[in-house]
Amino acid sequence: MRRPLLILAAGLAACCFSGAMPGRAQESSSRPVSPDTAPFLPGSAANPNDPAAALRDLLAAACAHDESQFAKFLTARNAESFARITPAARTELMKRFVLLDGAGTPSAAANPSGRASLRCTTPDGAAELQLGGPDVRESVAYIPLDVRDVSELQAGDPHHILLAMVRENSSWKVLSIGLLFLDLPSLEIEWDQAASGSNEHDALAALKTISAAVEKYRATYSRLPDFLAQLGAPSGKPSAEAAGLLDPALAAGRSNGYVLRMVIVGASTLGAPAQYELSAIPSVYGRTGKLSFFRDAKGLYHAADHRGGVGHSLDPVVE
C-alpha cells in the first residue's frame, strides 16, 4: 500500500518532479477495513474556517484523484501550474498526499478524540489519515498528520507528517509538506525537463501515427487532407471533413509538449503523387523537449536540435 515516504521535505521534489518515479509498493487487497467509516462529504466540517477541515477535504480529493476538487486547496500560484502540468503529473502529485497508488474512495473514519480523520480505500489497499489539532499563527496553520496502513492499526508506527496551510482570499490552502514549500511553478520546470526525453520519443511516434492516418485518408478519399483536423473524430459518420483516424490531441496538433504541423508540398492534394511534410517542435524549447522532428516528402524521418525551430530534410535520419 505505502509508497516510500518521499513525500517528506525535499523528497517530494526529488520524487515527484524528476524522471524516476518510485515503483508500485502496494500490498495485497485482502486487508481488513474497519466498519467504523461513513461516506465522506467534502466541506462537511462544522466550521468552514477550520484549516484542518480544508486539509481533510484536500486529502479526500487526493484519495479520489479528483483534480478539480484538489485544485481548490492550492494557492493561486500553484493552481495555475497544476492546470498546466500533464494529467499524469497531476495524478502523481495527488498520490503523494495519501501514499497510495490507485484512485480510492474517501470515507470519514471514527476518531474518539473528535479530530478530523479520513480513510482512503483503494482496490489494492487502504490508509487511515488522522489530523492533529492545528497550530494557527495568524494566516498560517501547522497541522500534524499521521498516515498509516490499515493493516498496521494494531502494530507499527504511523508516518508523521507536518503540513502547513495558508489563508488566501479567506480560504485555507496547502502551503508546504514537511519543510518543503509547495511551489509548483518552480517544480514545473524540473518536471518538464525530466520528461523531455519521453516527450521527444512520443513526438516521433506521433508523426508516424499521423503519417499512417494521412495515407489511410488518401486511400479512402483519393486525396490528402488539407489539415490535421480533417483526420479527427466525426460527430456522426466518418467523412472527408472528419475521417476519425486520429485522436483529438493529435488532430489538434498536440503531443505531450510538442506542436505538430502538416504542410502540403506542391500545388495539388489529389491522388498518389500528392506529397506532404510533417513537423514536430517543442512547445517550450528546453523544457518540453529540445529535438525538432521532421518527416520529409519521401517518408523519411529526421531529428536535430534547432532550438525550437522547424527541422528539415538535411537533419540526421532517425528510425
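What follows draws every value from the coordinates through simple rules; no lab data is involved. Computed from a prediction, not measured in an experiment: that's the story for all the values here. Here the Cβ positions follow ideal geometry from the backbone for every residue, glycine too, while neighbour counts run over all protein chains shown.
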Give me the three principal axis extents of region 193-318 from the C-alpha atoms, as integers in angstrom, largest value leading. 41, 31, 19
Counting other Cβ atoms within 10 Å of each Cβ, which GluC sites (Glu not before Pro) in region 116-152 have at most 11 and sit in a DSSP loop? Glu138
Can you tell me how much longer the chain between Leu270 and Ala240 gets when fully stretched, taken as 0.36 nm per residue apart minus their C-alpha distance, in nm with one decimal? 9.5 nm
Could you list Phe227, Phe82, Phe293 in order of exposure, starting from the residue whose Cβ has the fewest other Cβ atoms within 10 Å? Phe227, Phe82, Phe293
Size of electric dipole in region 214-319: Cβ of Lys, Arg +1 and of Asp, Glu -1, about Cα centre, debye, nearest 20: 140
Per the Cauchy relation, a quarter of the hull surface: what is the mean projected area of the convex hull of the alpha carbons in region 68-133, in nm²? 5.3
Excluding Ser313 itself, what net charge comes from residues whose Cβ is under 11 Å from its Cβ, given Lys and Arg +1 and Asp and Glu -1? -1
Exceeding 22 Å between C-alpha atoms, which entries from my cross-link table qualify? They are Lys95/Lys173; Lys216/Lys237; Lys95/Lys290; Lys208/Lys298; Lys72/Lys95. Lys95/Lys290
Residue span Ala229 to Asp124: 0.36 nm per residue of separation minus Cα-Cα distance leaves a gain in nm of 33.8 nm
